[in-house]
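Student: My questions all concern the structure below.
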Amino acid sequence: MRRLCLVSFALATLALCGCPKPVPPATFKSEEDEHTHERGKFKLADAGHYHAALTAHLSRKDGNELDVFFETPDAEHKPVPLPLASFTSTATTADGTPHALTFEPAPKAERPGDPDGKCSHFVAKAPWMKAGDKLTVTAPVVINGKPITIEWPDFNPKKYAHHED
């Protein structure tokens, strides 16, 4: 009789509660899924709380260069002047050849809102760079007191060229 009461109680409890609904598996959504890492002629990379936009300047006359712009990641893309005198980087071609780069502040006329001692737009000479290259550019920098590594994989100078002659 006791067993019959327990079975009856269990059935009544299930009837009152209903069948459990299946729970979908947890999914992970990374920060990269939330925004694109391209904008026009810029390849974007996360740089702490900011974006670092990489673009190419292809010129037979003046020589090839890479430009980096630090900006806010919002829709306004406001320049973010950082207290960096310069920074180094490595651009590795698809065949594995590394090329050292030194990014220095762009001329003041190209970054008019930057206060003295801070810079939002940096330029590096890259005479070895070809329009058809596929590069991985890596730059260790300190932003807001934190060392971070910025990386732009699969950078094609022709695709991301803001100037070409």
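Student: Amide H to amide H, which residues 5 or more places from residue 143 or on other chains are under 5 Å from it, using H placed in the peptide plane?
Tutor: 148
Student: Of the peptides 113-123, 92-102, 50-60, how do they stack up when ordered by the mean number of other Cβ atoms within 10 Å, highest first?
Tutor: Working: 113-123: 16.1, 92-102: 12.5, 50-60: 20.5.
Per-residue Cβ counts within 10 Å, averaged per peptide and sorted highest first, yield 50-60, 113-123, 92-102.
Student: Okay, next question. Starting from the Cα of residue 151, step 7 Å along the direction of its Cβ; do the same at residue 46; then give the gap between the two resulting points in nm.
Tutor: 1.2
Student: How do 124-132, 71-79, 136-144 rank on mean C-beta neighbours within 10 Å, highest first?
Tutor: Working: 124-132: 15.6, 71-79: 13.0, 136-144: 17.2.
Top of the packing list down: 136-144, 124-132, 71-79.
Student: So how much slack lies between residue 158 and residue 125, counting 0.36 nm per residue of separation and subtracting their Cα-Cα distance, in nm? Could the numbers behind the result be given before it?
Tutor: Numbers: separation 33, 0.36 × 33 = 11.88 nm, distance 1.59 nm.
This chain segment gains 10.3 nm when fully extended.
Student: Using θ = phi - 60° and the Karplus relation 6.51 cos²θ - 1.76 cosθ + 1.60, list the HN-Hα couplings for the range 127-144 in order, rounded to whole Hz, with x at every Gly or Pro.
Tutor: Each residue of the range 127-144 in turn: x, 6, 5, 10, 4, x, 4, 10, 10, 10, 9, 10, 9, x, 9, 10, 10, 6 Hz.
Student: Please list, or write none, the lysines whose alpha carbon is within less than 20 Å of the alpha carbon of residue 158, excluding same-chain residues fewer than 8 places away.
Tutor: Result set, ordered by chain and number: 41, 43, 61, 125, 130, 134.
Student: Average projected area of the Cα convex hull of the range 69-165, in nm²? If you can, show how the numbers build up before the last one.
Tutor: Working: hull surface 28.4 nm².
Dividing the Cα hull surface by four gives the mean projection, 7.1 nm².
Quick note: the coordinates plus some simple rules give every number you see, no bench work behind them. None of these values were measured; they are calculated from a predicted model. Virtual Cβ from ideal backbone geometry, glycine too; neighbours counted across all protein chains shown.
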